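What follows is a set of notes on a single structure, which appears directly below.
The values are calculated or read from the model by the stated rules, or taken from the named source; none is laboratory data. If you're wondering where the values come from, they're calculated on a predicted model, not measured in any experiment. Every residue, glycine among them, receives a Cβ derived from its backbone with ideal geometry; neighbour counts consider all protein chains shown.
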Amino acid sequence: MTPTIIQAGTAAAARVDQTFLLIFGVSAAILVFITLLMVWFVFRYHHARHPQAADIRGNVWAEIAWTVIPTVLVMGMFWSGWTSFKALRSAPADAMRVKVTARMWSWVFEYENGRRASTLYVPVDRAVRLDMTSADVLHSFFVPAFRIKMDTVPGMETYAWFQAEREGSYDILCAEYCGLQHANMLSTVEVVSAEEFKRWSESGAGGDEEAVGLLETYGCMGCHSLDGSEEAGPTLMGIYGKERPIVDGGGTRTVVADEEYLRRAILEPDAELVAGYEGMPSYKEEMPAEDLEKIIRFLTGGAARDLDRGRSLMEAEGCLSCHSTDGSEIAGPTFKGIYGHKVVLEDGTEVVADEAYLAEAIRDPEKTMVKGYEPIMPPYSHLNDEDVKAMIDYMRSLPEGHD
Ligand SMILES: [Cu+2]
(Lines give C-alpha, C1' and ligand atoms only; values in the text may rest on other atoms or scores of the structure.)
Protein backbone atom coordinates (compact mmCIF):
# COMPACT_ATOMS: atom_id res chain seq x y z
CA MET A 1 0.00 0.00 0.00
CA THR A 2 1.34 3.42 -0.87
CA PRO A 3 0.59 6.02 1.74
CA THR A 4 -1.33 8.97 0.33
CA ILE A 5 -0.43 12.40 1.54
CA ILE A 6 -3.18 14.88 0.85
CA GLN A 7 -1.63 17.97 -0.61
CA ALA A 8 -1.96 20.99 1.66
CA GLY A 9 -4.70 23.29 0.36
CA THR A 10 -3.89 26.42 2.36
CA ALA A 11 -0.79 28.34 3.47
CA ALA A 12 -1.59 27.51 7.10
CA ALA A 13 -1.80 23.83 6.19
CA ALA A 14 1.63 24.06 4.55
CA ARG A 15 3.02 25.41 7.85
CA VAL A 16 1.45 22.54 9.77
CA ASP A 17 3.19 20.18 7.35
CA GLN A 18 6.47 22.04 7.85
CA THR A 19 6.22 21.68 11.62
CA PHE A 20 5.37 18.03 11.28
CA LEU A 21 8.34 17.43 8.98
CA LEU A 22 10.68 19.38 11.24
CA ILE A 23 9.69 17.43 14.37
CA PHE A 24 9.72 14.18 12.46
CA GLY A 25 13.11 14.98 10.91
CA VAL A 26 14.72 15.96 14.23
CA SER A 27 13.29 12.87 15.95
CA ALA A 28 14.49 10.60 13.16
CA ALA A 29 17.98 12.15 13.21
CA ILE A 30 18.23 11.74 17.00
CA LEU A 31 17.05 8.14 16.76
CA VAL A 32 19.70 7.33 14.18
CA PHE A 33 22.41 9.21 16.09
CA ILE A 34 21.69 7.53 19.44
CA THR A 35 21.36 4.08 17.89
CA LEU A 36 24.69 4.38 16.07
CA LEU A 37 26.35 5.78 19.19
CA MET A 38 25.10 2.85 21.26
CA VAL A 39 26.35 0.34 18.72
CA TRP A 40 29.71 2.12 18.65
CA PHE A 41 29.94 2.08 22.49
CA VAL A 42 29.09 -1.60 22.66
CA PHE A 43 31.88 -2.27 20.21
CA ARG A 44 34.43 0.20 21.54
CA TYR A 45 33.99 -0.55 25.25
CA HIS A 46 33.55 -4.29 25.01
CA HIS A 47 35.59 -5.72 27.92
CA ALA A 48 37.88 -7.53 25.48
CA ARG A 49 38.95 -4.18 24.06
CA HIS A 50 38.58 -2.21 27.28
CA PRO A 51 39.33 -4.48 30.24
CA GLN A 52 39.90 -1.69 32.73
CA ALA A 53 36.92 0.60 33.46
CA ALA A 54 38.01 4.23 33.59
CA ASP A 55 36.43 6.73 35.95
CA ILE A 56 36.02 9.86 33.85
CA ARG A 57 34.71 12.96 35.60
CA GLY A 58 33.71 16.38 34.26
CA ASN A 59 33.92 17.57 30.67
CA VAL A 60 32.90 21.19 30.24
CA TRP A 61 32.60 20.99 26.45
CA ALA A 62 30.43 17.89 26.54
CA GLU A 63 28.17 19.52 29.12
CA ILE A 64 27.81 22.69 27.09
CA ALA A 65 27.08 20.66 23.95
CA TRP A 66 24.40 18.48 25.55
CA THR A 67 22.72 21.50 27.09
CA VAL A 68 22.86 23.87 24.14
CA ILE A 69 22.07 21.49 21.28
CA PRO A 70 18.86 20.02 22.78
CA THR A 71 17.75 23.50 23.89
CA VAL A 72 18.15 24.85 20.37
CA LEU A 73 16.33 21.85 18.89
CA VAL A 74 13.45 22.01 21.37
CA MET A 75 13.08 25.77 21.00
CA GLY A 76 13.17 25.42 17.21
CA MET A 77 10.41 22.81 17.28
CA PHE A 78 8.41 24.90 19.71
CA TRP A 79 8.81 28.00 17.58
CA SER A 80 7.68 26.22 14.45
CA GLY A 81 4.73 24.66 16.32
CA TRP A 82 3.70 27.90 17.97
CA THR A 83 3.79 29.99 14.80
CA SER A 84 1.86 27.43 12.79
CA PHE A 85 -0.66 27.07 15.62
CA LYS A 86 -1.06 30.85 15.63
CA ALA A 87 -1.57 30.81 11.87
CA LEU A 88 -4.32 28.20 12.27
CA ARG A 89 -6.06 30.04 15.07
CA SER A 90 -5.85 33.70 13.94
CA ALA A 91 -8.66 34.35 11.49
CA PRO A 92 -8.23 37.65 9.64
CA ALA A 93 -10.80 40.23 10.75
CA ASP A 94 -12.14 40.69 7.22
CA ALA A 95 -12.76 36.98 6.66
CA MET A 96 -16.02 35.92 5.09
CA ARG A 97 -18.20 34.38 7.80
CA VAL A 98 -20.13 31.17 7.53
CA LYS A 99 -22.15 29.64 10.34
CA VAL A 100 -21.77 25.90 10.61
CA THR A 101 -24.26 23.70 12.40
CA ALA A 102 -23.48 20.04 12.85
CA ARG A 103 -26.23 17.59 13.59
CA MET A 104 -26.76 13.88 13.33
CA TRP A 105 -25.68 13.36 10.56
CA SER A 106 -25.13 16.31 8.33
CA TRP A 107 -23.61 19.76 8.06
CA VAL A 108 -25.50 22.99 7.43
CA PHE A 109 -23.64 26.04 6.19
CA GLU A 110 -25.36 29.39 6.55
CA TYR A 111 -24.05 32.46 4.77
CA GLU A 112 -24.31 36.11 5.74
CA ASN A 113 -27.03 36.68 3.13
CA GLY A 114 -29.14 33.92 4.68
CA ARG A 115 -28.36 31.31 2.02
CA ARG A 116 -28.14 27.81 3.43
CA ALA A 117 -26.53 24.78 1.90
CA SER A 118 -25.26 21.36 2.84
CA THR A 119 -22.09 21.85 0.76
CA LEU A 120 -19.61 24.54 1.74
CA TYR A 121 -19.12 26.81 -1.29
CA VAL A 122 -16.30 29.30 -0.90
CA PRO A 123 -14.36 31.60 -3.21
CA VAL A 124 -10.68 30.84 -3.86
CA ASP A 125 -8.04 33.09 -2.21
CA ARG A 126 -10.48 34.48 0.31
CA ALA A 127 -10.26 33.96 4.06
CA VAL A 128 -13.30 32.12 5.41
CA ARG A 129 -14.13 31.98 9.08
CA LEU A 130 -16.42 29.20 10.26
CA ASP A 131 -18.38 29.83 13.45
CA MET A 132 -19.47 26.41 14.50
CA THR A 133 -21.87 24.77 16.85
CA SER A 134 -23.79 21.54 17.16
CA ALA A 135 -27.53 21.01 17.39
CA ASP A 136 -27.26 17.73 19.25
CA VAL A 137 -24.11 15.88 20.29
CA LEU A 138 -20.37 16.42 19.90
CA HIS A 139 -19.14 16.34 16.32
CA SER A 140 -15.85 17.41 14.85
CA PHE A 141 -15.42 19.37 11.65
CA PHE A 142 -12.46 17.96 9.75
CA VAL A 143 -11.02 19.01 6.40
CA PRO A 144 -7.87 16.91 5.91
CA ALA A 145 -6.56 19.00 3.00
CA PHE A 146 -6.71 22.18 5.10
CA ARG A 147 -5.35 20.46 8.22
CA ILE A 148 -8.21 21.83 10.28
CA LYS A 149 -10.16 19.81 12.78
CA MET A 150 -12.37 21.44 15.37
CA ASP A 151 -14.98 20.01 17.70
CA THR A 152 -18.51 21.34 17.42
CA VAL A 153 -20.13 21.49 20.81
CA PRO A 154 -23.83 21.92 21.63
CA GLY A 155 -24.46 25.23 23.38
CA MET A 156 -21.01 26.55 22.60
CA GLU A 157 -19.38 28.27 19.66
CA THR A 158 -16.04 27.16 18.27
CA TYR A 159 -14.30 28.42 15.17
CA ALA A 160 -11.86 27.55 12.45
CA TRP A 161 -10.68 29.40 9.40
CA PHE A 162 -8.95 28.76 6.11
CA GLN A 163 -8.03 30.43 2.87
CA ALA A 164 -8.05 27.98 0.00
CA GLU A 165 -5.36 28.46 -2.60
CA ARG A 166 -6.71 26.27 -5.38
CA GLU A 167 -10.13 25.66 -6.84
CA GLY A 168 -11.43 22.18 -6.33
CA SER A 169 -13.43 19.90 -4.14
CA TYR A 170 -12.14 18.97 -0.67
CA ASP A 171 -13.61 16.39 1.68
CA ILE A 172 -15.31 17.29 4.95
CA LEU A 173 -15.57 14.52 7.53
CA CYS A 174 -16.90 14.23 11.04
CA ALA A 175 -14.01 13.22 13.28
CA GLU A 176 -15.98 12.51 16.45
CA TYR A 177 -18.01 9.33 16.70
CA CYS A 178 -21.61 10.56 16.88
CA GLY A 179 -23.91 7.61 16.35
CA LEU A 180 -25.19 5.20 13.71
CA GLN A 181 -24.56 7.17 10.55
CA HIS A 182 -21.37 8.87 11.71
CA ALA A 183 -19.39 7.44 8.83
CA ASN A 184 -21.81 9.03 6.38
CA MET A 185 -21.56 12.49 7.85
CA LEU A 186 -19.73 13.67 4.77
CA SER A 187 -19.74 16.82 2.71
CA THR A 188 -17.30 18.83 0.62
CA VAL A 189 -15.76 22.27 0.46
CA GLU A 190 -16.25 23.48 -3.10
CA VAL A 191 -13.63 26.11 -3.81
CA VAL A 192 -14.71 28.12 -6.84
CA SER A 193 -13.64 31.36 -8.53
CA ALA A 194 -14.78 34.64 -7.00
CA GLU A 195 -17.20 35.26 -9.88
CA GLU A 196 -18.71 31.83 -9.67
CA PHE A 197 -19.13 32.17 -5.94
CA LYS A 198 -20.85 35.52 -6.36
CA ARG A 199 -23.23 34.05 -8.88
CA TRP A 200 -23.91 31.07 -6.64
CA SER A 201 -24.58 33.13 -3.55
CA GLU A 202 -26.79 35.65 -5.36
CA SER A 203 -28.75 33.50 -7.75
CA GLY A 204 -29.03 30.46 -5.58
CA ALA A 205 -27.35 28.39 -8.28
CA GLY A 206 -23.80 28.03 -9.51
CA GLY A 207 -23.34 29.83 -12.78
CA ASP A 208 -26.84 29.59 -14.25
CA GLU A 209 -26.02 31.38 -17.48
CA GLU A 210 -22.95 29.32 -18.06
CA ALA A 211 -24.85 26.12 -17.38
CA VAL A 212 -27.69 27.06 -19.71
CA GLY A 213 -25.00 27.85 -22.29
CA LEU A 214 -23.64 24.32 -21.81
CA LEU A 215 -27.10 22.78 -22.16
CA GLU A 216 -27.36 24.59 -25.47
CA THR A 217 -23.86 23.69 -26.61
CA TYR A 218 -24.41 19.99 -25.93
CA GLY A 219 -27.75 20.03 -27.67
CA CYS A 220 -29.74 19.14 -24.56
CA MET A 221 -32.15 21.97 -25.26
CA GLY A 222 -33.08 20.28 -28.51
CA CYS A 223 -34.89 17.62 -26.53
CA HIS A 224 -35.43 19.18 -23.08
CA SER A 225 -37.10 22.40 -22.00
CA LEU A 226 -36.48 24.42 -18.88
CA ASP A 227 -39.99 25.85 -18.76
CA GLY A 228 -42.09 22.78 -18.15
CA SER A 229 -43.03 22.04 -21.75
CA GLU A 230 -42.58 18.52 -23.09
CA GLU A 231 -40.37 17.89 -26.08
CA ALA A 232 -38.63 14.70 -27.15
CA GLY A 233 -37.50 14.37 -23.55
CA PRO A 234 -39.02 15.28 -20.18
CA THR A 235 -38.68 18.90 -19.04
CA LEU A 236 -35.73 19.61 -16.78
CA MET A 237 -37.66 22.25 -14.85
CA GLY A 238 -37.80 21.29 -11.19
CA ILE A 239 -36.32 17.89 -11.98
CA TYR A 240 -34.25 17.75 -8.81
CA GLY A 241 -35.92 15.73 -6.07
CA LYS A 242 -38.82 14.69 -8.31
CA GLU A 243 -39.99 11.10 -8.41
CA ARG A 244 -39.28 9.52 -11.77
CA PRO A 245 -41.08 6.50 -13.20
CA ILE A 246 -38.35 4.22 -14.53
CA VAL A 247 -38.98 1.33 -16.89
CA ASP A 248 -38.34 -1.93 -15.07
CA GLY A 249 -39.19 -5.16 -16.82
CA GLY A 250 -42.85 -4.90 -17.80
CA GLY A 251 -43.72 -2.19 -15.28
CA THR A 252 -42.09 0.82 -13.70
CA ARG A 253 -40.36 1.63 -10.45
CA THR A 254 -39.87 5.01 -8.85
CA VAL A 255 -36.55 6.72 -8.43
CA VAL A 256 -36.04 10.08 -6.77
CA ALA A 257 -34.01 12.36 -9.02
CA ASP A 258 -31.09 13.07 -6.73
CA GLU A 259 -27.64 14.13 -7.86
CA GLU A 260 -26.51 10.60 -8.63
CA TYR A 261 -29.61 9.91 -10.65
CA LEU A 262 -29.07 13.04 -12.74
CA ARG A 263 -25.47 12.08 -13.35
CA ARG A 264 -26.48 8.62 -14.47
CA ALA A 265 -29.26 10.06 -16.65
CA ILE A 266 -26.62 12.01 -18.60
CA LEU A 267 -23.80 9.47 -18.66
CA GLU A 268 -25.74 6.21 -18.93
CA PRO A 269 -29.23 7.12 -20.09
CA ASP A 270 -30.02 3.55 -21.10
CA ALA A 271 -29.56 2.21 -17.59
CA GLU A 272 -32.67 4.00 -16.35
CA LEU A 273 -35.19 4.87 -18.98
CA VAL A 274 -37.96 7.27 -18.00
CA ALA A 275 -41.26 5.57 -18.83
CA GLY A 276 -42.98 6.90 -21.93
CA TYR A 277 -39.87 8.11 -23.73
CA GLU A 278 -37.43 6.87 -26.30
CA GLY A 279 -33.78 6.72 -25.29
CA MET A 280 -31.28 9.54 -25.08
CA PRO A 281 -27.70 9.58 -26.39
CA SER A 282 -25.01 9.01 -23.76
CA TYR A 283 -22.60 11.87 -23.02
CA LYS A 284 -20.08 9.63 -21.33
CA GLU A 285 -17.44 10.03 -24.03
CA GLU A 286 -17.83 13.65 -24.94
CA MET A 287 -18.55 15.50 -21.71
CA PRO A 288 -15.60 16.50 -19.50
CA ALA A 289 -16.22 16.12 -15.78
CA GLU A 290 -16.19 19.85 -15.09
CA ASP A 291 -18.97 20.54 -17.58
CA LEU A 292 -20.98 17.69 -16.10
CA GLU A 293 -20.54 19.16 -12.62
CA LYS A 294 -21.68 22.59 -13.81
CA ILE A 295 -24.81 21.09 -15.34
CA ILE A 296 -25.52 19.02 -12.23
CA ARG A 297 -25.04 22.05 -10.03
CA PHE A 298 -27.50 23.95 -12.18
CA LEU A 299 -30.06 21.16 -12.20
CA THR A 300 -29.85 20.69 -8.44
CA GLY A 301 -29.78 24.38 -7.57
CA GLY A 302 -31.58 27.64 -8.08
CA ALA A 303 -34.85 27.48 -9.96
CA ALA A 304 -35.05 23.73 -9.63
CA ARG A 305 -34.64 24.03 -5.89
CA ASP A 306 -37.46 26.50 -5.48
CA LEU A 307 -39.91 24.05 -6.97
CA ASP A 308 -38.82 21.49 -4.45
CA ARG A 309 -38.22 23.73 -1.53
CA GLY A 310 -39.54 21.19 0.91
CA ARG A 311 -37.02 18.61 -0.11
CA SER A 312 -34.11 21.00 -0.19
CA LEU A 313 -35.06 22.35 3.24
CA MET A 314 -35.08 18.84 4.58
CA GLU A 315 -31.70 18.29 3.03
CA ALA A 316 -30.28 21.46 4.54
CA GLU A 317 -31.80 20.68 7.95
CA GLY A 318 -30.40 17.17 7.91
CA CYS A 319 -33.78 15.41 8.10
CA LEU A 320 -32.85 13.09 5.26
CA SER A 321 -29.92 11.65 7.14
CA CYS A 322 -32.43 10.03 9.51
CA HIS A 323 -35.53 9.73 7.31
CA SER A 324 -35.63 8.13 3.89
CA THR A 325 -38.03 9.03 1.10
CA ASP A 326 -38.06 5.59 -0.50
CA GLY A 327 -39.55 3.42 2.22
CA SER A 328 -36.26 2.24 3.73
CA GLU A 329 -35.48 2.67 7.41
CA ILE A 330 -32.61 4.84 8.59
CA ALA A 331 -32.82 6.07 12.19
CA GLY A 332 -36.40 7.32 11.94
CA PRO A 333 -39.56 6.29 10.07
CA THR A 334 -39.52 6.78 6.30
CA PHE A 335 -41.37 9.76 4.84
CA LYS A 336 -42.78 7.63 2.09
CA GLY A 337 -46.50 7.26 2.60
CA ILE A 338 -46.34 9.03 5.94
CA TYR A 339 -49.05 11.54 5.16
CA GLY A 340 -52.48 10.31 6.23
CA HIS A 341 -50.98 7.15 7.66
CA LYS A 342 -51.93 5.70 11.08
CA VAL A 343 -49.10 6.13 13.55
CA VAL A 344 -48.77 4.16 16.79
CA LEU A 345 -47.27 6.36 19.49
CA GLU A 346 -45.16 5.21 22.38
CA ASP A 347 -48.08 5.22 24.84
CA GLY A 348 -50.01 2.92 22.52
CA THR A 349 -52.44 5.52 21.18
CA GLU A 350 -53.02 5.74 17.44
CA VAL A 351 -53.12 8.98 15.53
CA VAL A 352 -53.52 9.86 11.90
CA ALA A 353 -50.55 11.73 10.48
CA ASP A 354 -52.32 14.87 9.32
CA GLU A 355 -50.78 18.28 8.93
CA ALA A 356 -51.15 19.25 12.58
CA TYR A 357 -49.58 15.99 13.76
CA LEU A 358 -46.67 16.23 11.36
CA ALA A 359 -46.02 19.86 12.27
CA GLU A 360 -45.89 18.93 15.93
CA ALA A 361 -43.71 15.91 15.24
CA ILE A 362 -41.21 18.24 13.58
CA ARG A 363 -41.26 21.05 16.12
CA ASP A 364 -41.60 19.03 19.29
CA PRO A 365 -40.68 15.39 18.61
CA GLU A 366 -40.77 14.36 22.28
CA LYS A 367 -44.50 14.97 22.35
CA THR A 368 -45.19 12.61 19.51
CA MET A 369 -42.80 9.74 20.14
CA VAL A 370 -43.40 7.02 17.59
CA LYS A 371 -43.39 3.54 19.13
CA GLY A 372 -40.23 1.56 18.54
CA TYR A 373 -37.79 4.44 17.97
CA GLU A 374 -35.11 6.09 20.04
CA PRO A 375 -35.74 9.66 21.19
CA ILE A 376 -32.89 11.07 19.10
CA MET A 377 -34.70 13.51 16.88
CA PRO A 378 -33.76 17.08 17.80
CA PRO A 379 -36.58 19.65 18.10
CA TYR A 380 -36.89 21.98 15.11
CA SER A 381 -38.74 24.77 16.88
CA HIS A 382 -36.78 27.39 14.91
CA LEU A 383 -38.57 26.55 11.65
CA ASN A 384 -41.32 28.97 10.63
CA ASP A 385 -44.79 27.88 9.47
CA GLU A 386 -43.90 28.30 5.85
CA ASP A 387 -40.88 26.00 6.08
CA VAL A 388 -42.81 23.36 7.98
CA LYS A 389 -45.59 23.54 5.42
CA ALA A 390 -43.12 23.12 2.56
CA MET A 391 -41.71 20.02 4.23
CA ILE A 392 -45.15 18.54 4.81
CA ASP A 393 -46.11 19.27 1.21
CA TYR A 394 -43.07 17.35 0.14
CA MET A 395 -44.05 14.43 2.38
CA ARG A 396 -47.49 14.46 0.79
CA SER A 397 -45.85 14.06 -2.59
CA LEU A 398 -44.45 10.70 -1.47
CA PRO A 399 -47.50 8.44 -1.50
CA GLU A 400 -47.18 4.82 -0.49
CA GLY A 401 -47.16 1.94 -2.94
CA HIS A 402 -45.18 3.57 -5.73
CA ASP A 403 -42.29 1.22 -5.80
CU1 LIG B 1 -20.62 13.59 13.78
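General remarks:
- Looking across 55, 131, 94, 125, one residue alone is modelled with pLDDT of 95 or more, away from the ligand (no atom under 16 Å from the Cβ) and either in the same structural domain as residue 324 (by TED's automatic domain parsing) or not in a helix (DSSP H, G or I) (or both). It is 131.
- Residue among 171, 227, 151 that alone is at pLDDT below 85 and either closer than 30 Å to residue 283 by Cβ or within 15 Å of the ligand (Cβ to nearest atom) (or both): 227
Every residue, every condition in (1) within 17 Å of the chain's Cα centre (by Cα); (2) surrounded by fewer than 16 Cβ atoms within 10 Å (Cβ to Cβ), yes or no:
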| position | (1), (2) |
| --- | --- |
| 120 | yes, no |
| 127 | no, no |
| 132 | yes, no |
| 144 | yes, no |
| 147 | yes, no |
| 161 | yes, no |
| 169 | yes, yes |
| 211 | no, no |
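Here is a yes/no grid of residues against (1) crowded, with 16+ Cβ neighbours inside 10 Å; (2) free of Cβ contacts under 8 Å to residues at least 12 places away in the same chain; (3) touching a strand residue (DSSP E or B) at 6+ places or on another chain (Cβ under 6 Å); (4) in a helix (DSSP H, G or I):
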site	(1), (2), (3), (4)
291	yes, no, no, yes
298	yes, no, no, yes
312	yes, no, no, yes
344	no, no, yes, no
356	no, yes, no, yes
360	no, yes, no, yes
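- Hey, residue 70 closer than 30 Å to residue 171 by Cα and surrounded by 10 or more Cβ atoms within 10 Å (Cβ to Cβ) or not: no
- Selection within segment 78-91 - basic (Lys, Arg) and either within 16 Å of the ligand (Cβ to nearest atom) or within 15 Å of residue 150 (Cβ to Cβ) (or both): 89
- Within segment 198-221, residues that are closer than 17 Å to residue 286 by Cα have Cβ atoms under 8 Å from residues that are at pLDDT below 75 and outside any helix (DSSP H, G or I) in these pairs: 211/205, counting only partners at least 6 apart in sequence or on another chain.
- Residues considered: 337, 332. Of these, the only one that is in contact with a strand residue (DSSP E or B) (Cβ under 7 Å, 6 or more places away or on another chain) and outside the structural domain of residue 104 (by TED's automatic domain parsing) is 332.
- Per the conditions (1) outside the structural domain of residue 383 (by TED's automatic domain parsing); (2) closer than 30 Å to residue 366 by Cβ, the sole criterion not satisfied by residue 277 is (2).
Table: residues versus (1) touching a residue at least 60 places away in the same chain (Cβ under 8 Å); (2) of a type in the set (S, T, N, Q).
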residue	(1), (2)
106	yes, yes
109	no, no
118	yes, yes
123	yes, no
135	yes, no
138	no, no
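- The residues listed here are 145, 194; of these, the one that is farther than 21 Å from residue 110 by Cβ, assigned by TED's automatic domain parsing to the domain that holds residue 119 and not polar (S, T, N, Q) is 145.
- Selection of segment 238-258 for residues being at pLDDT 85 or above and either over 25 Å from residue 118 (Cβ atoms) or in a helix (DSSP H, G or I) (or both) yields 245, 246, 247, 248, 251, 252, 253.
- Residue in segment 218-233 that is in a loop (DSSP other than H, G, I, E, B), among the polar types (S, T, N, Q) and not assigned by TED's automatic domain parsing to the domain that holds residue 145 present: yes
- Top-ranked residue in segment 154-168 [being away from the ligand (no atom under 16 Å from the Cβ) and assigned to a strand (DSSP E or B); ranked as modelled with the lowest pLDDT]: 168
- When residues of segment 104-122 are limited to those that are within 16 Å of the ligand (Cβ to nearest atom) and out of contact with any strand residue (DSSP E or B) (no Cβ under 7 Å at 6 or more places or on another chain), the one farthest from residue 165 (Cα to Cα): 104
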